[in-house]
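Below is one structure, written out as structure tokens, with a few remarks after it.
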Amino acid sequence: MTVFSDMWAYLSDPANWSGSDGIAALLGQQLLLTFTALLMAMALGLPLALWLGHLGRGGFAAINISNIGRAVPTFALLALLVVAPWPGTDSFGPYGRAGLATLIALTLFALPPIITNAYVAMREVAPDVREAARGMGMTGRQQFWQVELPLGLPLVVSGLRLALVQVWATATIAALVAGPGLGQIITDGFFRSNYGKGIAGAVVVAAVALVLELLAAMAQRAVDPTRRTGATATPGGGHDDALSVTGATVESSAEPVG
């Protein structure tokens, strides 16, 4: 019980929240690292995965290449990156060389769920829905933007949701190479046998992870077209129902049959 009372004492002391090494500043650093890494992974992985999913080929190679990030331990990759010869990066942003190494490692760590979910989201659109879109005279671009992407968006956001929470939790390892973030509180607390401080840092990380998970879950529900319209779009379902969910209104280019 002494450890938990020490934890509460640490969290309830306003002095521990202020200053450049306070909880608030370190929380901001870790949030910046997390969202920057997520945005970089989205920029690298989403366009490729969505395009390959639309074409229906190349996904196996893309998914397996991205899964290399799961096979290589993130801390091992971080250790290699932090000692790599990065010229002119000793003062990279506000975080130095350790921040740059952490950012790269977290970006690679976020790629697998983003690429996998985006590719699968495009491929799980029912074939008869695609056929109905082509029958309405849609081009490939129109079919992607007006049918495939709206129907696959919940699964795409699910991959982003998974990557967000994983990257946030993993970002604490930056402290092991003198990097930024809440990991500094955890490592410093346990290194100095101040277990209340170490657990306090872990509690903050866990609490923010729950908040991020809740917000991401709300975003996933918000982009679900079936929830917005009250319609049900199931694989193999009716053409009209599935296409009405996307709001597609492109008129058929076929000549009327007399």
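The values are calculated or read from the model by the stated rules, or taken from the named source; none is laboratory data. The structure presented is a predicted model; accordingly, all values stated were derived computationally and were not measured. Using ideal geometry, Cβ is built from the backbone for each residue, glycine included, and neighbour counts are taken over all protein chains shown.
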Spans of helices (runs of 4 or more DSSP H) in segment 1-75 with at least 2 residues within 24 Å of the chain's Cα centre (by Cα) and surrounded by 13 or more Cβ atoms within 10 Å (Cβ to Cβ): 23-55, 59-66, 68-71
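Here is a yes/no grid of residues against (1) under 16 Å from the mean Cα position of the chain (by Cα); (2) within 18 Å of F109 (Cα to Cα):
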site	(1), (2)
V156	yes, yes
G159	yes, yes
W168	yes, yes
G179	no, yes
G183	no, yes
G196	no, no
L215	yes, no
Q220	yes, no
Quick one: is V211 buried (at least 19 other Cβ atoms within 10 Å of the Cβ) and either out of contact with any Pro (no Cβ under 9 Å at 6 or more places or on another chain) or free of Cβ contacts under 8 Å to residues at least 60 places away in the same chain (or both)? no
For segment 100-110, state whether one or more residues are modelled with pLDDT under 75 and of a type in the set (F, W, Y). no
Look through A126, A133 and report the one residue that is of a type in the set (A, V, I, L, M), within 28 Å of the chain's Cα centre (by Cα) and modelled with pLDDT under 85. A126
If you go through A132, A175, A101, the only one that is touching a Leu at 6+ places or on another chain (Cβ under 7 Å), part of a helix (DSSP H, G or I) and crowded, with 21+ Cβ neighbours inside 10 Å is A101
